[in-house]
1. Any chance you could run the full-extension gain for V23 through N4? It's 0.36 nm times the residue separation minus the Cα-Cα distance, nm to one decimal.
2. Helix 26-49 sits at what angle to the longest principal axis of the chain, using alpha carbons and giving 0 to 90 degrees rounded to 10?
3. Is it possible to state the helix-based mean residue ellipticity at 222 nm for the chain, with each DSSP H run of 4+ residues giving -39500 (n - 2.57), the sum divided by total residues, to the nearest 500 deg cm²/dmol? What is it?
4. Taking only C-alpha pairs under 8 Å that are 6+ residues apart, what is the relative contact order of the chain in percent?
5. Angle check, please: helix 2-20 long axis (alpha carbons) against the longest principal axis of the chain (alpha carbons), in degrees 0 to 90, nearest 10.
6. For the chain, give the percent of accessible area contributed by carbon and sulfur heavy atoms, probe 1.4 Å, rounded to a whole number.
7. Along the Cα→Cβ direction, 7 angstrom out, place labels at R77 and S30. What is the inter-label distance in nm?
8. Of the labelled options (1) 1.01; (2) 0.97; (3) 1.05, which one gives Rg/Rh (Cα atoms, Kirkwood Rh) as computed for this structure?
Amino acid sequence: MNTNLKAILLAIYALAILGLLGVLPPALASVFAKIALFLVAAHLLELAIAFKAVKRYPGPLVDSIGLTLLFGILHWRPLGKAR
């Protein structure tokens, strides 16, 4: 389930980038850009709220922060549950 949701998020980000490159029609590009911007802003807020869980990632903190900005709760929630 998490893998499918992460794939959907990556697809949204990819479509937003393609829209910025001019591959998509302007109306569609605008929609995906707004969605991607909203997602990153929401994940930034999640990062501030769930930083304790984000720090539990076994790798470098910068990797965990990046994954949280991309995937949000899909990344940090399993870390918070694994105590």
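The values are calculated or read from the model by the stated rules, or taken from the named source; none is laboratory data. This structure is a prediction, so every number in the text was calculated from the model and none was measured. Reconstructed Cβ throughout: ideal geometry from the backbone, glycine too, with neighbour counts over all protein chains shown. The protein model used for the area step is the full one, side chains on, heavy atoms only, and it has no ligands, DNA or RNA in it. Shrake-Rupley method; radii C 1.70, N 1.55, O 1.52, S 1.80 Å.
1. On the way: separation 19, 0.36 × 19 = 6.84 nm, distance 2.47 nm.
The span from V23 to N4 would gain 4.4 nm if fully extended.
2. Helix 26-49 and the main axis of the chain meet at about 10 degrees.
3. Mean residue ellipticity at 222 nm (helix-derived): -26000 deg cm²/dmol.
4. On the way: 74 pairs, mean separation 21.7, N = 83.
In percent, rounded to a whole number, it is 26.
5. Relative to the chain, helix 2-20 is tipped by roughly 40 degrees.
6. Details: 4100 of 5530 Å².
Taking all protein chains in place, the chain shows 74 percent carbon and sulfur surface.
7. Going by the 7 Å Cα→Cβ label model, 3.3 nm.
8. The listed entry that was calculated here is (3).
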